[in-house]
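**Student:** Take a look at the following structure, please.
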Amino acid sequence: MLNSERIGNEYYQNLGKLFYAVAMTDKKVRPVEVKRLRKYVRQYWLDIDDFEDEFETDSAYQIEIVFDWLQGEEKDGSDYFDEFKGFYKEHPKKFTPKLKALILDTAEAIANSFAGKNKSEMLIIYKLKLLFDS
């Protein structure tokens, strides 16, 4: 899937940005959204590959690390969606159909975790689907 550790770490860091953008799209990240993200990282993302970061930790944890760091920044999520979009356009071959499906599943799970999806969450997921279909 990913041909270098550097790209592997960037890949997961950009997923953290994307999932933060999904959670923050309604201007507030709720604890239930964070809990759902952590569940998905542990249940699905850790088994994707064998990449590790410089601390010999599974690179998939970069999703959580970046997500948590961005929560401290308290910025609008749209910029982070755009950063993910830029990474995706630079490395489209790194996004297999299986990984796109898992990304969409994770984004949907985060969006649905608090009282179902609202309009802003539906819109960002629609934008993500359009990006993957382009």
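**Student:** Checking Lys75 against (1) over 25 Å from Leu130 (Cβ atoms); (2) at pLDDT below 95, which single condition isn't satisfied?
**Tutor:** For Lys75, the exception is condition (1).
**Student:** Next up: So how many residues does the range 25-39 have that are among the hydrophobic types (A, V, I, L, M, F, W, C), modelled with pLDDT under 95 and surrounded by 24 or more Cβ atoms within 10 Å (Cβ to Cβ)?
**Tutor:** So the answer is 0.
**Student:** Please find, within the range 1-21, the residue that is modelled with the lowest pLDDT out of those that are of a type in the set (D, E, K, R) and farther than 11 Å from Val66 by Cβ.
**Tutor:** That would be Glu5.
**Student:** Here's something else I'd like to know. If you scan the range 121-134, which residues turn out to be at pLDDT below 95 and either under 13 Å from Leu15 (Cβ atoms) or surrounded by fewer than 16 Cβ atoms within 10 Å (Cβ to Cβ) (or both)?
**Tutor:** Across the range 121-134, the qualifying residues are Met122, Leu123, Asp133, Ser134.
**Student:** Among the residues that make up the range 89-109, is at least one of them within 13 Å of Ala23 (Cβ to Cβ) and hydrophobic (A, V, I, L, M, F, W, C)?
**Tutor:** Of the residues in the range 89-109, the ones within 13 Å of Ala23 (Cβ to Cβ) are 106-109.
Add one more test, that the residue is hydrophobic (A, V, I, L, M, F, W, C), and what stays is 107, 109.
Yes: the range 89-109 contains one or more residues that are within 13 Å of Ala23 (Cβ to Cβ) and hydrophobic (A, V, I, L, M, F, W, C).
**Student:** Hey, can you tell me all the residues within the range 83-104 that are in a helix (DSSP H, G or I) and either surrounded by fewer than 12 Cβ atoms within 10 Å (Cβ to Cβ) or of a type in the set (Gly, Ala, Ser) (or both)? Break it down into steps so the answer makes sense when it comes.
**Tutor:** Taking the range 83-104 and keeping what is in a helix (DSSP H, G or I), we get 83-90, 92-94, 97-104.
The answer is Gly86, Lys89, Glu90, Pro92, Lys93, Pro97, Lys98, Ala101.
**Student:** Can you tell me which residue in the range 105-120 is modelled with the highest pLDDT, limited to those that are farther than 15 Å from Pro31 by Cα and outside any helix (DSSP H, G or I)?
**Tutor:** Within the range 105-120, the match that is modelled with the highest pLDDT is Asn118.
**Student:** Of all residues in the range 88-121, how many are over 17 Å from Gln43 (Cβ atoms) and among the hydroxyl-bearing types (Ser, Thr, Tyr)?
**Tutor:** Counting residues in the range 88-121 that are over 17 Å from Gln43 (Cβ atoms) and among the hydroxyl-bearing types (Ser, Thr, Tyr) gives 3.
**Student:** Among the residues of the range 46-58, is there at least one that is closer than 23 Å to Asp26 by Cα, out of contact with any helix residue (DSSP H, G or I) (no Cβ under 7 Å at 6 or more places or on another chain), at pLDDT below 90 and in a helix (DSSP H, G or I)? Spell out the reasoning first.
**Tutor:** Just the residues of the range 46-58 that are closer than 23 Å to Asp26 by Cα, to begin with: none.
Among the residues of the range 46-58, not one is closer than 23 Å to Asp26 by Cα, out of contact with any helix residue (DSSP H, G or I) (no Cβ under 7 Å at 6 or more places or on another chain), at pLDDT below 90 and in a helix (DSSP H, G or I), which makes the answer no.
**Student:** Here is a further query. Under 6 Å by Cβ, and 6 or more places apart or on different chains, what pairs join a residue from the range 85-96 that is of a type in the set (A, V, I, L, M, F, W, C) with one that is not in a loop (DSSP other than H, G, I, E, B)?
**Tutor:** Phe87/Asn14
**Student:** May I ask you to verify whether Ala109 is surrounded by 14 or more Cβ atoms within 10 Å (Cβ to Cβ) and over 15 Å from Tyr12 (Cα atoms)?
**Tutor:** In short, yes.
The values are calculated or read from the model by the stated rules, or taken from the named source; none is laboratory data. Quick caveat: nothing in here was measured; it's all calculated off a predicted structure. So basically every Cβ, Gly included, is an ideal-geometry build from the backbone, and we count neighbours across all protein chains shown.
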